[in-house]
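Heads up, the thing below is written out as structure tokens.
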Amino acid sequence: MNNNILMIMVSKAAKDIRTELVKRYSFRTRRQLSSQVHAAGSVDEQGEACHENELSDSKEVTTRGKNVKRQHVSVAYEVCVKNECDRKEDTMHGDSSTAQTGNKKLKWEPKNWREVVNNIREMRKQRDAPVDTMGCDKCADEDARPEETRYHSLVSLMLSSQTKDAVTYAAMQRLRQHGLTVSNILNTDDKTLGELIYPVSFWKSKVNYIKKTTQILRDEYNGDIPDSVEKLCKLPGVGPKMAHLCMKTAWGVLTGIGVDTHVHRISNRLGWVPKATKTPEATRVALESWLPTELWDEVNNLMVGFGQQLCKPVNPLCTTCLNRTLCPFGRSQCRGKR
């Protein structure tokens, strides 16, 4: 009797052990393991099930698990890595002038540009370039009526295109002595006007432009000049550079950077444009995209004088320039030289 009871207890203990081993080491999918954890409490309440049923259930569940698609669970570090990759991808896909980080754009700007500006200021501190004494802003008669002074500024800018400051200044002095007013210029014949402005570049074309523009000023602006860049650019012989400079010299309003051949050339030499530009207008757009507005007024005069004295179109004085190690063009010119 005691032996039978002992055998029953041993058999029951063996079944319990086998059941526990099946629970712990049989194959489970992630979803089934999660379900098993939630069902653990109810398993304890069900009591002791027979070993055959447990094995049968285990095999059935295992077989079903093979057909269940395993689900990927994102872990914290995976999310961080993905965000970092997305950020790098956004940066790599930015254009030549900006790179995106999230919803913000990083503005392109050349390296060491502030140091370059300070060096140019140092080299220009004497203010003895032609533009400093004979530039377009020095050609108008400040004692004339305001509308006449503005007219002088516009005419001087029209004459200055592709012309040295000294030649423009001399032509303006002759025009002022002749009588540089809207009514007087309209009464002046083309031959006389040509003689007054000669030898400015393209003087014949400029005679035509001045006459047509002056007629428009009398008919549409009551003898004054337009007060916006858009209107100024509609006048014959007036381009964006002249319009922006005219708004500053005539109206005292800063609307943009006046980019002439000097500013255009130097900006490309310094690498102040994201990629090389072919026209002064393209250079103006590139400069205004990154240069602080408070420097727009200064940069034209600063760079024009610098181009007239040091950064010349031909035979620039790179070896004596303070920016020779900062300027890509200067480094190429000074390579191998002492």
Open item on the list: Run the simple label-point estimate for Lys234 and Thr279 please: 7 Å along Cα→C-beta, distance reported in nm.
Closed with: 2.0 nm
TODO: Using only protein heavy atoms and a 1.4 Å probe, report how much of Trp296 is accessible, in Å² to the nearest 10.
DONE: 40 Å²
Open item on the list: Sort 154-162, 123-131 by packing, meaning the average of other beta carbons within 10 Å per residue, with the highest value first.
Closed with: 154-162, 123-131
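What percentage of the solvent-accessible surface of segment 139-251, computed with a 1.4 Å probe over protein heavy atoms, is contributed by carbon and sulfur atoms?
Percent of accessible area from carbon and sulfur atoms in segment 139-251: 48.
Dipole of segment 139-251, Cα-centred, from +1 at each Lys and Arg C-beta and -1 at each Asp and Glu C-beta, to the nearest 20 debye? Before the final figure, lay out the partial values.
On the way: 15 positive and 14 negative charges, 83 e Å.
Value, rounded to 20: 400 debye.
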Open item on the list: Translational diffusion coefficient of segment 139-251 at 10 °C, 1.306 mPa s, Stokes-Einstein with Kirkwood Rh over Cα pairs, in µm²/s as a whole number.
Closed with: 116 µm²/s
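Return the FRET efficiency for the residue pair Gln215, Ser332: r is the Cβ-Cβ distance, R0 is 51 Å, and the value is rounded to the nearest 0.05. Walk me through the numbers before you get to the answer.
Numbers: r = 50 Å, r/R0 = 0.97.
About 0.55, to the nearest 0.05.
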Open item on the list: Could you report segment 136-269's accessible area per residue, 1.4 Å probe, as an integer in Å²?
Closed with: 47 Å²
Open item on the list: Once you place label points 7 Å from the Cα toward the Cβ at Gln309 and Ala170, how far apart are they in nm?
Closed with: 2.3 nm
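The values are calculated or read from the model by the stated rules, or taken from the named source; none is laboratory data. All values derive from a computational prediction rather than experimental measurement. Don't worry about glycine lacking a Cβ; one is built from the backbone with ideal geometry, like all the others, and counts go over all protein chains shown. Keep in mind that these areas ignore ligands, DNA and RNA; they rest on the heavy atoms of the full protein, side chains included. Shrake-Rupley method; radii C 1.70, N 1.55, O 1.52, S 1.80 Å.
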